[in-house]
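Below you'll find the structure, written out as structure tokens, and then a few comments.
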Amino acid sequence: MLTLTPYEAIDQALAEEMRRDPTVLMFGEGVATKRRALSDEFGGQRVRNTPLAEAIIAGTAVGAAATGLRPVVDLLFAPFLCYAMDAIVNSAGKLRYVSGGQFAFPLVTLAMTGGGWGVGAQHNHNVEAWFVHSPGLKVVMPSDAADFKGLLKTAIRDDNPVLFFVDLGLLHTPGEVPAGEFTVPLGQAAVRREGDDVTLVAYGKSVAACQQAARTLAEQGRAAEVIDLRTLKPLDEATILASVRKTGRLVLVHEASRPCGVGAEIAALVAEQAHDALKAPIVRVTGPDAPAPASFVLEQAFTPQADAIVAAVQRLLG
Amino acid sequence: MKPTHPYSDPVDQLARMLLVRAYEDRIAALAAAGPFPASCPSAGQEAAAVGVVSALGADDLILTNHRSAGHLLARGADPGRLLAEVMGRETGYCRGRSGSLHISAKELGVVLTSTIVGGELSLAPGVALARSLLGRPGIVTCFFGDGAACEGIFHESINLASVWNLPVLFVCENNEWQAYVHRRETMLTDSIAAHAAAYGVEGRSVDGNDVAAVHAAALAAAAQVRASGRPFLLEARTYRARGHLEPDDQSHVDAGELAHWQARDPIALARERLIAAGQLDLDGFARLGAEARARIDAAVEFAVQSPYPDPAELLANVYA
Ligand SMILES: Cc1ncc(C[n+]2csc(CCOP(=O)(O)OP(=O)(O)O)c2C)c(N)n1
Ligand SMILES: [Mg+2]
């Protein structure tokens with residue numbers, strides 16, 4: 001095992017995949033400057049700085065992906081995706097289908113989001129559900145260093161466009177990463193902790209909040225199962241449904257706002273397919289329908305915390 | 001039938017223009033006769049389409065937009081498969097999933113057609129980057145309208161192509177209209193080619209209704225892109241002879257403007273020139289027109305006889 005931060009794990013995944021496949025390249029605003037080791041090893045053709053123009057960064061990745069390359073683009077902060085939406089949603093997501101299958105779009109878009117750095121609403125906005133709602137795209141949001149590496153390697157090898165969201169609050173938290181070659185499949189959730197009383201489903205740094213809540217609940221004699229989605233699309237429905245059938249109770253946790261969020265989709269899924277197993281209403285613990293604040297105190301209030309999850313479970317269990 | 005590329009015989013070029021006109025006339029007639037899927041006609045712009053496409057080599061790629069029939073037919077697309085696509089049939093170039101608005105035909109080098117105005121401009125630099133990095137031959141030609149030149153992505157695209165030395169021939173078909181808005185309402189300049197200079201790119205305007213002039217300008221521009229590996233912006237000044245979408249009575253169009261451009265019909269101009277040069281006579285011209293119409297008759301027959309897609313395959317190709 002190695003001890004790496006997700007930032008370092010991302011660098012390792014990029015370097016390994018670029019070594020493995022000469023068609024992998026990376027570009028974005030400051031990529032060549034900030035990922036020095038990559039630009040030293042792979043040179044200016046494959047590691048590129050771009051003009052400050054997210055729409056054409058994304059469009060160029062999409063055009064290159066359709067005609068033989070495997071681009072990874074760093075769009076920096078998730079709200080900047082708004083400038084890049086057309087290429088990602090209308091071209092990468094649709095032109096395979098629209099063309100009757102003539103093209104594939106193997107590309108990865110990196111974007112940071114989430115509270116923890118006090119950057120405020122125009123840098124911190126958890127928009128992952130927008131892309132879940134758009135056909136033709138895959139969406140990944142890891143919760144620990146090993147998954148950052150393993151999921152990014154798989155995303156680069158995938159023949160579809162993948163939105164890879166990097167939760168800022170995790171970026172510099174060291175974690176254990178297997179030393180050799182490994183990948184983590186897309187579409188496979190991880191059961192981080194087993195339990196019979198309640199299922200907690202989360203992704204990104206909300207997984208850690210659920211783990212902390214589960215420890216507190218354990219002290220109270222309550223066994224929570226914690227599921228880390230890892231991939232939001234395709235969604236690992238089987239793992240969620242199996243857990244709810246076992247526990248009969250479901251709490252959905254994410255930092256993104258509640259309306260039409262990933263939690264709403266999972267609640268509907270469980271209502272449709274495992275309603276008979278439910279012993280209590282489904283509960284969501286999410287960020288509010290509000291722009292993210294900058295002040296540390298407000299950011300903490302905005303972000304789902306372990307005590308709110310514990311309180312939700314206690315209400316469910318009576 | 002796939003023509004060889006480039007093709008410089010003016011009679012061949014006129015035959016292609018007549019095929020485009022026959023195709024658009026037939027769609028207009030079908031649309032006027034009853035419910036028919038939406039399509040944006042390229043009638044009046046045949047010289048721009050044929051003049052540029054006939055200047056491209058077999059390895060060159062084309063990105064285009066909603067008004068693409070001229071580009072596709074000039075490249076050798078089968079009108080039967082085009083009409084089948086427009087009519088939502090499985091035999092269409094995109095198996096009926098596109099309809100008229102975003103037809104790609106990878107086998108012809110017509111890739112990634114986007115009907116988001118400016119979408120093709122966002123994709124073109126990446127296509128050129130892939131060709132350069134993979135060492136593949138050929139340049140990338142990107143067709144867009146004067147309306148697309150009002151989108152921010154036009155400026156981002158040409159700037160990136162310049163900064164990264166990408167072999168993109170940008171071709172603006174300035175047809176004076178942007179759906180229901182006249183170009184004069186949207187820009188104070190009369191030259192879209194002039195934008196190129198701001199990005200360190202060479203730009204040139206050409207009479208887009210003169211197929212010989214367009215062809216010569218496109219040959220020179222493509223040669224320059226090939227030799228330099230750098231972009232070029234060619235503006236073809238032309239006119240949208242029919243409405244934005246079929247059917248359309250053109251009641252919003254100034255009659256004087258329409259008459260001015262009707263007197264400059266690209267097919268009539270090419271015909272007169274060839275007759276004056278002794279390369280064609282009226283009988284020959286009539287024959288070319290009849291051949292084109294006969295091909296479209298057969299194409300309609302093929303499309304109408306073609307099966308619709310199987311609803312069981314509704315979800316085919318959402319993901320790779
Ligand atoms: C982003 C976007 N905005 C608006 C439209 C609707 N629309 C389709 S074609 C068109 C006019 C485009 O004008 P121009 O670029 O000059 O091309 P032309 O139609 O004249 O060939 C408009 C407004 C669209 N398809 N995409
Ligand atoms: Mg126009």
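With the convex hull of its Cα atoms as the shape, region B:25-180 has an orientation-averaged projected area of 9.2 nm². Extension gain, B:VAL11 to B:ARG226, is 74.7 nm, computed as 0.36 nm per intervening residue step minus the present C-alpha separation. Region A:77-99 and region B:233-274 have their alpha-carbon centroids 34 Å apart.
Using 0.36 nm per residue, how much length does the chain from A:PHE296 to A:THR33 gain when fully extended, once their Cα-Cα distance is taken away?
Extending this stretch completely gives an extra 91.7 nm.
Here the mean projected area of the convex hull built on the C-alpha positions of region B:170-268 is 7.2 nm².
Grab the beta carbon distance between A:GLU237 and A:ARG258, set R0 = 25 Å, and tell me the FRET efficiency rounded to 0.05.
The calculated FRET efficiency here is 0.75.
Applied to region A:161-176, the Karplus parametrisation 6.51 cos²θ - 1.76 cosθ + 1.60 on θ = phi - 60° returns per-residue 3J(HN,Hα) values of x, 10, 8, 10, 8, 10, 6, 3, x, 9, 4, 10, 8, x, x, 7 Hz, with x for Gly and Pro.
The mean number of Cβ atoms from other chains found within 10 Å of a Cβ in peptide A:46-59 is 5, as a whole number. Extension gain, B:GLU176-B:LEU188: 0.36 nm per intervening residue step, less the Cα-Cα distance, totals 3.0 nm.
Basic side chains Lys and Arg get +1 at the Cβ, acidic Asp and Glu get -1 at the Cβ, and with that the dipole of region A:2-177 about its Cα centre reaches some 420 debye. With both residues required to sit in region A:190-317, DSSP beta bridges show an antiparallel share near 20%.
Take the Cβ atoms of B:LEU134 and A:ALA121, set R0 to 25 Å, and the FRET efficiency comes out at 0.05.
Residue ranges A:68-74, A:112-118 sort as A:68-74, A:112-118 when ordered by packing (mean number of other C-beta atoms within 10 Å per residue, highest first).
Residue by residue along A:89-96, Cβ atoms of other protein chains within 10 Å of the local Cβ number 5 on average. Could you point to the residue in A:TRP117, A:ALA145, A:ASN90 farthest towards the positive end of region A:2-177's charge dipole, with +1 and -1 charges on the Cβ of Lys/Arg and Asp/Glu respectively? Going by the charge dipole, the pick is A:ASN90.
Based on DSSP, what percent of beta bridges with both residues in region A:2-177 are antiparallel, to the nearest 5?
10 percent
Equivalent ellipsoid semi-axes for region A:2-177, as square roots of 5 times the alpha carbon gyration tensor eigenvalues: give them largest first, rounded to whole Å.
23, 19, 15
3J(HN,Hα) along region B:90-101, derived from phi through the Karplus expression 6.51 cos²θ - 1.76 cosθ + 1.60 where θ = phi - 60°, amounts to 5, 7, x, 4, 10, 6, x, 8, 9, x, 6, 7 Hz, with x in place of Gly and Pro.
Expressed to the nearest 5 percent, the antiparallel share of DSSP beta bridges inside the protein assembly as shown is 15 percent.
A cut-off of 5 Å between modelled amide H atoms, ignoring neighbours fewer than 5 places along the same chain, links A:MET112 with A:LEU76, A:PHE77, A:ALA78, A:VAL166. For region A:65-73, 3J(HN,Hα) computed residue by residue from phi via the Karplus equation (6.51, -1.76, 1.60; θ = phi - 60°) reads 5, 6, 10, x, 9, 10, x, 10, 10 Hz, glycine and proline entered as x. Counting only Cβ charges, +1 for Lys and Arg and -1 for Asp and Glu, the dipole size of chain A around its Cα centre is about 240 debye.
Relative to its residue count, region A:160-207 spans a Cα convex hull of 137 Å³ per residue. Under 5 Å between amide hydrogens, built in the peptide plane, is the criterion, and for A:LEU2 it picks out A:VAL177, A:ALA179 among residues at least 5 positions away or on other chains. Using the Cβ of B:SER157 as centre and a radius below 11 Å, the other residues enclosed give a net charge of -3, where K and R count +1 and D and E count -1.
Computed from label points 7 Å out along Cα-Cβ, the spacing between A:GLN273 and B:ALA255 is 6.6 nm.
Put simply, the Cα atoms of region A:190-317 extend 42, 34, 24 Å along their principal axes, the longest span coming first. Placing +1 on the Cβ of every Lys and Arg and -1 on the Cβ of every Asp and Glu, with nothing else charged, gives the protein assembly as shown a dipole about its Cα centre of roughly 760 debye. In a shell of Cβ-Cβ distance under 12 Å around B:ALA268, excluding B:ALA268 itself, what net charge do Lys and Arg (+1) and Asp and Glu (-1) give? Here the charged neighbours net out to 0. Shape class of region A:129-204 from the Cα gyration tensor (axes a ≥ b ≥ c, square roots of the eigenvalues): oblate, since a/c reaches 1.5 or more and a/b does not exceed b/c.
Using alpha carbon centroids, what distance separates region B:150-226 and region B:106-131, in Å? Centre-to-centre (Cα) distance: 16 Å.
Each residue of chain B gets 133 Å³ once the volume of the Cα convex hull is shared out per residue.
On a 0 to 90° scale, report how tilted helix A:262-273 is relative to the longest principal axis of chain A, with both axes built from alpha carbons and the result rounded to the nearest 10. Roughly 60 degrees, rounded to the nearest 10.
Less than 5 angstrom separates the built amide H of A:THR199 from those of A:GLU225, A:ARG249, A:LEU250, A:VAL251, all sequence-distant by 5 or more or on a different chain.
All C-alpha to C-alpha distances of chain A, sorted into 20 Å bins beginning at zero, yield P(r) values of 33, 57, 10, 0 percent in whole numbers.
The Stokes-Einstein estimate for the protein assembly as shown, based on a Kirkwood radius over Cα pairs and taken at 37 °C with 0.692 mPa s viscosity, is a diffusion coefficient of 124 µm²/s.
Averaged over peptide A:98-110, the number of partner chain Cβ atoms lying within 10 Å of each residue's Cβ comes to 6.
Every number in this text was worked out from the coordinates using simple rules, so none of it is lab data. Treat the numbers as computed from the prediction; the structure is a model and nothing was measured. Reconstructed Cβ throughout: ideal geometry from the backbone, glycine too, with neighbour counts over all protein chains shown.
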